[in-house]
C-alpha cells in the first residue's frame with residue numbers, strides 16, 4: 001500500500017496535528033458534548049475543512065486518498081472530529097463541487113472550504129426515509145418563481161454548525177425515487193427550523209439535529225442541478241461518503257489497536273510479559289491483519305475515485321468491511337486491556353461507543369450488502 005511522497009508527507013502532517021491538537025481535547029469533547037471553538041479554528045487553519053475543494057475556490061485541492069487519510073488520522077484520536085470533518089467534506093462541499101453551476105460554486109465553496117463561518121451539511125434522512133432514501137416525503141411546490149418547501153429531516157450531522165446545507169424534496173408526484181430534486185438552504189432562511197441537539201450514545205461532540213421546513217420559500221436559483229436529478233445526485237454523493245465513513249471506522253480501529261498493542265508490550269501476567277502469551281499474540285495479529293485489509297479496500301476505492309472510475313461496488317465493500325472490523329477490533333482491544341478498558345480514563349470506552357455509528361450511518365451494513373450483491377448480479 002505505497003503512498004506517493006506527497007500523500008505520505010500529508011499523512012505525517014495530519015497525524016502530528018491530530019496528536020498535538022485534537023487528542024488532548026478528545027475526552028473533554030466527549031464529556032461536554034461541545035466542540036471547542038479554539039480547536040475548530042485550528043482545524044480551519046490547518047485546511048481540514050477544504051481538503052478536496054479546488055484551489056481556485058480556496059481549498060487544498062487534494063485527492064481522495066489524502067482525504068481518506070485525513071479522516072482516518074482525525075478519527076484515530078477523536079471520533080467526533082473524524083465524523084465532523086468527513087460529513088463536511090463529503091456531504092457539505094461535494095454537492096457544490098459536482099453539481100453546482102459557476103455562480104453557486106463561487107458563492108458557496110470558498111466560505112465552506114475555510115470553515116470560518118460554519119460548516120456544510122446534507123439533509124437527506126427523514127423519519128420514514130432512512131435506508132429507503134427514495135421514500136422522501138419533504139415536498140417542494142412551485143409557486144410562480146419560487147419553491148415552497150414543507151417537511152422534516154432527522155439525524156443530520158453538522159446541522160447546528162452549518163452555514164448552508166443541501167436538502168432533497170419531491171418536486172413531482174411520481175412514485176418511488178423519481179421526481180426528487182436538490183435545493184440549497186442558507187441558515188436563517190425564513191421557515192427553516194433547526195431542532196435541538198440530539199443526546200447520543202457516542203460521537204457526542206458531533207452536532208446532530210432534526211430539521212423542519214415550514215412553508216420555506218426558495219427562489220429557482222437555489223435548486224442544485226436540474227429538476228428531478230436529486231436522487232441520482234445523492235447516490236453519487238453517498239458513494240464517496242462511504243469511503244469517508246470507512247476511513248473513520250479505520251481510524252477508530254487503528255486507535256484501539258494502538259492502545260491495545262502498547263498495553264501488551266508494557267504489561268505482564270503471572271510474572272511474564274504479556275507478549276509471551278499466545279492469546280495476546282493471536283488477538284494482536286488478527287487485529288492488525290484486519291486493519292490492513294480494511295485500509296487496502298479504502299485506499300483502493302479512493303484511487304478509483306481519483307481515476308474517475310465507478311466506485312459503487314468498491315466503496316460499499318470498503319465501508320462494510322471497515323465498519324464491521326472496527327467494531328470487532330475495539331471490542332477485542334477492550335478484551336485485551338480488561339477492566340481498565342471499561343473506564344472513562346481510557347480512550348477505549350469512548351471508542352466503543354463511537355464505533356457503533358459506523359455500521360449504521362451512510363447506509364447500514366445490511367444496505368451495503370444489498371448494494372454489493374445487486375452489482376454482482378448485474379455483472380453476470
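The values are calculated or read from the model by the stated rules, or taken from the named source; none is laboratory data. Model, not experiment: these values are computed from the prediction. With ideal geometry, Cβ positions are generated from the backbone for all residues, glycine too; neighbour counts draw on all protein chains shown.
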### Message
Quick check on this structure: which one of 206, 182 is touching a helix residue (DSSP H, G or I) at 6+ places or on another chain (Cβ under 8 Å), closer than 22 Å to residue 49 by Cα and modelled with pLDDT of 95 or more?
### Response
206
### Task
Tell me, please, whether a residue that is at pLDDT 95 or above, out of contact with any helix residue (DSSP H, G or I) (no Cβ under 9 Å at 6 or more places or on another chain) and surrounded by fewer than 20 Cβ atoms within 10 Å (Cβ to Cβ) can be found in segment 250-260.
no
#### Entry: Single match in 204, 178 (criterion: touching a residue at least 24 places away in the same chain (Cβ under 8 Å), surrounded by fewer than 19 Cβ atoms within 10 Å (Cβ to Cβ) and more than 30 Å from residue 110 (Cβ to Cβ))
178
### Task
Considering every residue within segment 214-221, establish whether at least one is under 25 Å from residue 132 (Cα atoms) and surrounded by 20 or more Cβ atoms within 10 Å (Cβ to Cβ).
yes
### Query
In this structure, does residue 164 turn out to be in a strand (DSSP E or B), surrounded by 15 or more Cβ atoms within 10 Å (Cβ to Cβ) and not assigned by TED's automatic domain parsing to the domain that holds residue 40?
yes
### Query
Are any of the residues in segment 193-212 within 17 Å of residue 146 (Cβ to Cβ), in a strand (DSSP E or B) and not assigned by TED's automatic domain parsing to the domain that holds residue 95?
no
### Task
Hey, can you tell me all the residues within segment 143-161 that are surrounded by fewer than 19 Cβ atoms within 10 Å (Cβ to Cβ), part of a loop (DSSP other than H, G, I, E, B) and touching a helix residue (DSSP H, G or I) at 6+ places or on another chain (Cβ under 9 Å)?
145
### Message
Within segment 17-122, considering only helices (runs of 4 or more DSSP H) that don't extend past its boundaries, which have at least 3 residues that are closer than 30 Å to residue 223 by Cβ and either out of contact with any strand residue (DSSP E or B) (no Cβ under 9 Å at 6 or more places or on another chain) or outside the structural domain of residue 203 (by TED's automatic domain parsing) (or both)?
### Response
64-77, 79-86, 94-99, 102-114
### Query
Which condition number in (1) on the phi > 0 side of the Ramachandran plot; (2) assigned to a loop (DSSP other than H, G, I, E, B) is the one that residue 215 fails?
(2)
